[in-house]
Amino acid sequence: MSSPSKATTIPHVVKEEVIASGKWLKLEKTTYVDPVGTTRIWETTKRTTRQTGAADGVGIIALLKRTLHKDCVVMVKQFRPPMDCCTLEFPAGLIDEGESAETAALRELKEETGYKGEVVGVTPVTCLDPGLSNCTTQIVMVNINGDDMENTDPTQQLGELDLMKKEKIVVDSKVYIYGMGMSQAFFKPNELRVLKQ
Ligand SMILES: Nc1nc(=O)[nH]c2c1ncn2[C@H]1C[C@H](O)[C@@H](COP(=O)(O)OP(=O)(O)O)O1
């Protein structure tokens with residue numbers, strides 16, 4: 001006997017109301033219709049800085065390439081006020097108005113690490129924490145020629161917050177997942193065929 005079928009509908013947002021707003025973020029009450037046709041409420045955070053048509057920011061996977069060295073993935077350790085500790089992250093930042101993801105990536109990489117890079121790839125717009133926020137990012141792949149004179153003694157241009165010292169470090173989930181993917185591809189490539197391609 002087949003089970004009674006539930007009515008299905010295309011889920012969609014009906015209304016977005018701002019509950020609180022600051023300089024960088026706002027909290028909204030999102031009224032939406034779920035897949036079975038029930039009207040519900042979701043609490044949503046959004047950035048106030050979003051530019052039309054673009055992702056909010058970029059994340060940068062930068063490979064430092066030097067003669068006679070293994071390639072290194074460049075990461076940044078910085079104090080993050082919402083976490084009240086330092087985090088280990090890929091270099092990242094918000095896209096400025098009128099800026100492309102590629103330009104933002106090279107600018108942020110220079111600011112946060114001192115390295116001058118070359119873009120070799122960029123993802124489509126991806127979401128970051130969709131149960132919490134509509135925040136989006138594009139991941140930009142960058143190569144750094146570490147033999148270039150410009151990249152032999154890189155100097156960071158960090159803000160005040162980045163220089164604060166704290167012991168505890170939380171690893172960004174993107175870094176962790178990247179590490180697990182690399183580990184899987186290297187040590188157990190046959191267990192997940194998609195990683196072999
Ligand atoms: N949620 C935020 N709250 C703040 O009080 N300030 C914030 C938020 N998000 C961004 N910013 C400020 C902090 C920096 O001065 C600029 C640039 O940020 P971004 O490009 O994201 O750089 P990183 O923080 O290094 O990723 O905006």
Inset, instruction - Could you pull out the residue among Cys135, Cys127 that is within 24 Å of Ile177 (Cβ to Cβ), within 13 Å of the ligand (Cβ to nearest atom) and either without any contact (Cβ under 8 Å) to a residue 40 or more places away in the chain or crowded, with 16+ Cβ neighbours inside 10 Å (or both)? - result: Cys135
Inset, instruction - Looking for whichever is modelled with pLDDT of 90 or more and of a type outside the set (A, V, I, L, M, F, W, C) here; the options are Glu191, Glu160, Glu111, Glu167. Which one fits? - result: Glu111
Inset, instruction - Answer yes or no: is there a residue in the range 94-106 that is part of a strand (DSSP E or B) and in contact with a strand residue (DSSP E or B) (Cβ under 8 Å, 6 or more places away or on another chain). - result: yes
Inset, instruction - Answer yes or no: is there a residue in the range 79-94 that is within 23 Å of Ile139 (Cα to Cα), of a type in the set (Asp, Glu) and either away from the ligand (no atom under 16 Å from the Cβ) or touching a Gly at 6+ places or on another chain (Cβ under 6 Å) (or both). - result: no
Inset, instruction - Only residues that are modelled with pLDDT under 95 and either basic (Lys, Arg) or closer than 20 Å to Thr136 by Cβ (or both): list them for the range 1-47, please. - result: Lys6
Legend entry - Where a residue in the range 104-116 is free of Cβ contacts under 8 Å to residues at least 60 places away in the same chain and surrounded by 23 or more Cβ atoms within 10 Å (Cβ to Cβ) and its partner, wherever it lies, is in a helix (DSSP H, G or I) and not charged (D, E, K, R), with Cβ under 9 Å and at least six apart: Tyr115/Leu109; Tyr115/Asn151
Inset, instruction - Just one of (1) of a type outside the set (Gly, Ala, Ser); (2) exposed (fewer than 10 other Cβ atoms within 10 Å of the Cβ); (3) within 30 Å of Val120 (Cα to Cα); (4) free of Cβ contacts under 8 Å to residues at least 60 places away in the same chain trips up Glu99, so point out which. - result: (2)
Legend entry - Complete set of residues in the range 111-149 that are assigned to a helix (DSSP H, G or I) and over 17 Å from Ile60 (Cβ atoms): Met149
Inset, instruction - Within the range 28-71, work out how many residues are out of contact with any Cys (no Cβ under 8 Å at 6 or more places or on another chain), more than 12 Å from the ligand (Cβ to nearest atom) and either without any contact (Cβ under 8 Å) to a residue 12 or more places away in the chain or not in a loop (DSSP other than H, G, I, E, B) (or both). - result: 21
Legend entry - Pair list, Cβ < 8 Å and 6+ apart or interchain, from the range 161-181 residues that are in a helix (DSSP H, G or I) to residues that are more than 15 Å from the ligand (Cβ to nearest atom) and at pLDDT below 90: Gly181/Leu195
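The values are calculated or read from the model by the stated rules, or taken from the named source; none is laboratory data. Everything quoted here is computed from the prediction, not taken from an experiment. All Cβ positions, even for glycine, are placed from backbone atoms using ideal geometry, and neighbour counts span all protein chains on display.
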